[in-house]
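The values are calculated or read from the model by the stated rules, or taken from the named source; none is laboratory data. Because the structure is predicted, anything quoted here is derived from the model rather than measured. Cβ atoms come from the backbone with ideal geometry, glycine included; neighbour counts cover every protein chain shown. The area values use the complete protein model at the heavy-atom level, side chains included, leaving out ligands, DNA and RNA. Shrake-Rupley method; radii C 1.70, N 1.55, O 1.52, S 1.80 Å.
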Amino acid sequence: MIFNLPRVTTPIGVRFISVATVACFARDVSPIHFAALLNECRSVNAVHQVHQQLIALGLLSYPASLLAVSFPPVPSQPFVSPRSLGTGVVAAYLACGSTNEALLALEHVIPSPTVWWNLLIREQIKEGHLDHAIAISCRMLRAGTRPDHFTLPHMLKACGELPSYRCGITFHGIICRNGFESNVFICNAVVAMYARCGSLEEASLVFEEITQKGIDDVISWNSIVAAHVKHNKPWTALNMFSKMAMIVHEKATNDRSDIISIVSILPACASLKALPQTREIHSHAIRHGTFPDAFVGNSLVDTYAKCGSMKDAVKVFNMMEFKDVVTWNAMVTGYSQRGNFEAAFEIFKNMLKENISLDVVTWTAVIAGYAQRGCSQEALNIFRQMVFSGSEPNSVTMISLLSACASLGACSQGMETHAYSLKNGLLSLDDYSGGDGEDLMVHNALIDMYSKCRIFKAARSIFDSLPRMERNVVTWTVMIGGYAQYGDSNDALMLFSEMILKPHPVAPNAFTVSCVLMACAHLSALRMGKQIHAYVVRQHRYEASTYFVANCLIDMYSKCGDVDTARHLFDSMPQRNAISWTSMMTGYGMHGRGNEALEIFEKMQKAGFVPDDISFLVVQYACSHSGMVDRGLEYFDSMSRDYGVAACAEHYACAIDLLARSGQIDKAWNIVKDMPMEPTAVVWVALLSACRVHSNVELAEYALSKLVEMNAENDGSYTLISNVYAKARRWKDVARIRNLMKNSGIKKRPGCSWVQGKKGTASFFVGDRSHSLSPQIYALLERLIDRVKSMGYVPETDFALHDVDDEEKNNLLVEHSEKLALAYGLLTTSPGTAIRITKNLRVCGDCHSAFTYISKIVDHEIIVRDPSRFHHFKNGSCSCGGYW
């Protein structure tokens with residue numbers, strides 16, 4: 001061929017002649033001279049000139065009149081065919097880097113050699129131009145060149161890596177048409193192609209055909225095992241591997257096949273956390289001599305770590321003679337994933353001591369470990385070390401770092417991370433225009449970080465910059481979760497409705513459902529909560545997350561005032577975890593049903609669950625809101641004595657609240673003085689609240705002074721002391737507190753109540769007259785107050801915190817937001833239907849008294865929720881029993 005020709009050392013003289021004079025082709029023109037000239041060309045322009053002359057002289061094809069003539073050979077000049085000249089042109093173009101010109105020239109070589117097409121296809125795949133490789137394959141077929149056993153695997157590889165099922169199935173047809181269906185090399189490539197294109201069924205069918213013909217080898221089995229692992233069929237993959245070990249071991253031609261077999265199956269064990277099977281495969285590797293291989297050792301370390309057996313991972317790690325950075329990374333990642341961050345950081349330090357070259361995986365694993373542990377500042381410091389070391393962060397690094405910033409609430413560092421991602425090309429600068437999955441993951445992490453830092457304008461801007469078709473379930477979930485946990489729950493509900501609507505609906509996962517149920521619970525949006533419950537029942541994708549979703553539903557129904565439905569859900573759960581029991585106890589506690597809460601507590605212990613500090617906190621809370629003083633104190637004493645659970649500040653605060661609600665404020669104060677630790681803000685707030693109930697001005701002032709010392713005072717604390725002063729008619733002190741709040745920049749939250757009606761939810765503030773039904777609302781309130789006054793209701797003017805006459809105080813009390821919400825509910829709700837009111841502040845004592853009387857004369861149960869508990873008013877009584 002052309003590359004075997006001797007190099008010409010002297011200038012070549014060629015007499016170009018016209019086509020008309022080519023009467024004696026073999027005598028007057030020497031094609032070998034052109035072949036040598038092509039071999040000497042060093043630029044595309046030079047190849048162009050020679051190519052043009054070859055075309056002009058007709059040397060790239062035989063004249064039709066000469067095709068049947070046999071010329072005698074010329075001994076001094078070996079014969080060079082037009083086909084050889086054509087491939088010489090192709091080679092020259094390729095040598096100069098002009099693939100397109102080479103392809104055009106190859107199409108005109110008749111017949112064109114398959115080997116040159118294979119070369120062009122392989123080069124395109126090597127450069128990552130998979131679609132170009134497939135296009136060249138199609139041009140090859142149009143040129144009439146038959147693919148061979150080297151061409152087809154390259155074609156199939158391009159289809160699989162794109163992936164393109166349509167092209168893959170087309171090439172499969174070509175394979176069958178050209179008789180390659182018994183070529184195991186090609187059939188293995190077909191199995192791999194279908195697996196990469198997501199068609200496990202077709203891959204399995206091809207594999208069955210291979211085994212039926214008896215042409216299968218280790219690569220065939222490795223391909224189908226890897227296919228099942230890729231498609232989350234780990235048990236099937238393990239079964240296939242077992243058959244493989246029994247059937248085809250004798251067909252293995254080299255150790256490399258066994259190594260690939262081991263490395264392919266271990267991810268299945270890792271996904272199942274199948275420790276026994278991992279040990280069996282480890283034994284298999286030892287028996288067949290593949291264990292010393294670094295790839296097998298690294299895979300075993302990683303799999304043992306993911307199966308939770310760091311002891312076995314350490315054994316493999318210590319037995320490995322050669323350890324590369326991947327080996328060390330597997331140990332760091334394994335310890336981090338198991339929550340053993342101290343061991344992970346120790347391995348990291350050892351890597352530094354051993355001068356192991358740290359790569360991005362190492363740094364990212366350590367950053368993620370610190371972030372998951374809650375050591376966000378340490379994660380930021382490690383990132384700085386990473387940048388100074390010259391290691392380039394990747395998208396996973398940025399996601400871990402943003403998670404650390406979100407946990408820390410470090411907005412400025414989060415913004416710096418955002419800027420770094422833009423500067424270093426880890427994030428597109430303009431509006432999102434598609435890209436790889438990692439780019440979307442970084443966007444999702446940014447939305448999460450800005451949401452947790454309560455910068456919703458930035459979070460929503462990033463969310464809106466993502467085209468609707470590009471948003472995945474994580475994108476929607478982090479935005480909905482941000483609104484539900486840190487922002488406006490109404491926005492969370494609206495966004496959820498948008499998420500599931502056409503066009504381009506996205507199916508929510510268990511985390512999305514939990515976030516939107518949390519929003520419903522915050523708003524007491526029972527109607528929306530029921531709709532989401534119905535959605536969950538209709539779908540069957542949440543069965544794997546039964547605990548998670550069911551617990552959120554129990555919490556939602558309890559906080560929306562329907563604790564009986566919550567209990568029905570609890571009883572219908574086939575299995576329960578600790579959160580299920582705690583959620584049910586909390587629900588009963590906030591509704592003042594202490595006996596039921598304690599019943600659940602006893603059943604929890606009988607079911608084998610050991611109470612923890614949260615369980616006892618919930619039990620004390622339930623006793624406090626049900627007036628069960630003795631039982632609550634008994635549990636407070638027994639938690640450390642009988643269960644070994646140490647009481648923390650929150651438990652002491654509950655005990656103080658328990659005593660204070662029953663009027664035993666002196667005992668409450670004694671508990672504060674006898675605490676084994678320094679009282680925290682929650683303790684002083686509990687004591688201050690007790691002073692409001694029992695008008696203990698001196699102790700209230702002392703509690704507030706402690707809060708001021710701790711910089712823990714807020715509008716709620718000042719409001720409580722104002723209530724204490726107002727009840728004692730110390731109006732000058734009330735004015736002083738108001739001026740203090742004003743000068744300190746502390747604003748009192750306005751009281752707001754909202755109620756669900758037939759046409760949606762209506763909100764009211766104190767003295768609100770903005771609603772279209774305001775005239776009817778105030779008229780109805782006036783009639784109701786007149787009626788209940790005749791029944792014995794006396795307005796409690798102590799709750800009108802202004803120094804005005806009693807008549808004016810009565811007018812102020814009528815305008816409280818919860819009374820306005822009640823009147824609206826009575827106007828818009830059908831008789832017999834419960835009226836559900838939610839207030840952002842503690843229910844006013846006068847409103848509580850008025851509602852008790854009103855419940856005697858209306859055909860509705862009145863359910864009021866405040867930040868502390870629920871009040872169920874019915875037939876002249878309240879479920880709180882006065883303990884609120």
**Report entry** Mean accessible surface per residue for the stretch 112-215, computed with a 1.4 Å probe while every protein chain stays in place, in Å²
**Finding:** 47 Å²
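With a 1.4 Å probe and every protein chain left in place, work out the accessible area per residue of the stretch 457-533 in Å², rounded to a whole number.
Numbers: 3200 Å² over 77 residues.
Counting only protein heavy atoms, the per-residue value for the stretch 457-533 is 42 Å².
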Report summary line: With a Förster distance of 25 angstrom and the Cβ-Cβ distance between Asn350 and Arg384, calculated FRET efficiency to the nearest 0.05 equals 0.75
Report summary line: the stretch 699-761 and the stretch 475-512 have their Cα centres apart by a whole-number Å value of 35 Å
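How much of the calculated P(r) for the chain lies past 54 Å, in percent of all Cα pairs?
Numbers: 146346 of 390286 pairs.
Of the Cα pairs, 37 percent sit more than 54 Å apart.
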Report summary line: With Cα coordinates, the longest principal axis of the chain makes an angle with the long axis of helix 411-423, in degrees rounded to 10, of 10 degrees
**Report entry** With Cα atoms, 0 to 90° folded angle of helix 310-319 axis to the chain main axis
**Finding:** 30 degrees
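Expressed as a whole percentage, what fraction of the accessible surface of the stretch 87-141 belongs to carbon and sulfur atoms when a 1.4 Å probe is rolled over the protein heavy atoms? Walk me through the numbers before you get to the answer.
Numbers: 1320 of 2350 Å².
Reported share for carbon and sulfur atoms: 56 percent.
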Report task. For Ile55 paired with Asn424, estimate the spin-label separation in nm (one decimal), with each label point 7 Å from Cα along the Cα-to-Cβ line. Result -> 5.1 nm
Query raised in the report: What's the carbon and sulfur percent of the stretch 299-396's accessible surface, probe 1.4 angstrom, rounded to a whole number?
Result: 50 percent
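Pairs Lys273/Lys452; Lys758/Lys819; Lys243/Lys323; Lys706/Lys742: which are spaced more than 24 Å apart, C-alpha to C-alpha? Mind showing how you got there, number by number?
On the way: Lys273/Lys452 33 Å; Lys758/Lys819 18 Å; Lys243/Lys323 32 Å; Lys706/Lys742 20 Å.
Correct reply: Lys273/Lys452; Lys243/Lys323.
Order of 212-224, 45-57 by packing, highest average Cβ count within 10 Å first? List each step's numbers first, then the result.
On the way: 212-224: 19.8, 45-57: 16.7.
Going by the mean number of other Cβ atoms within 10 Å, highest first, we get 212-224, 45-57.
Please work out how much length the chain gains when fully extended from Asn239 to His33, using 0.36 nm per residue of separation minus the C-alpha to C-alpha distance, in nm with one decimal. Walk me through the numbers on the way to the answer.
Numbers: separation 206, 0.36 × 206 = 74.16 nm, distance 6.38 nm.
In short, 67.8 nm is gained.
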Query raised in the report: Rounded, prolate or oblate: which one fits the stretch 315-395, using the alpha carbon gyration tensor with axes a ≥ b ≥ c (rounded when a/c is under 1.5, else prolate when a/b beats b/c, else oblate)?
Result: oblate
Report task. Find how many whole Å separate the alpha carbon centroid of the stretch 213-243 from the alpha carbon centroid of the stretch 632-692. Result -> 63 Å
Requested in this report: Whole Å is fine, so just give me how far the alpha carbon centre of the stretch 288-322 lies from that of the stretch 578-610.
Outcome: 45 Å
Query raised in the report: Once the Cα atoms of helix 845-857 and of the chain are each reduced to a long axis, what angle between those two axes, in degrees from 0 to 90 to the nearest 10, is obtained?
Result: 90 degrees
Query - Carbon/sulfur fraction of accessible area - the stretch 152-217, other protein chains in place, 1.4 Å, % - result: 52 percent
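Taking 0.36 nm per residue of separation and subtracting the Cα-Cα distance, what length does fully extending Ser744 through Ala135 add? Could you put the intermediate results ahead of the total?
On the way: separation 609, 0.36 × 609 = 219.24 nm, distance 7.24 nm.
Once the chain is fully extended between Ser744 and Ala135, it gains 212.0 nm.
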Query raised in the report: By average Cβ neighbour count within 10 Å, what is the ranking of 516-526, 501-511 from highest down?
Result: 516-526, 501-511
Query raised in the report: What does the accessible area per residue of the stretch 305-403 come to in Å², with a 1.4 Å probe and no ligands, DNA or RNA counted?
Result: 47 Å²
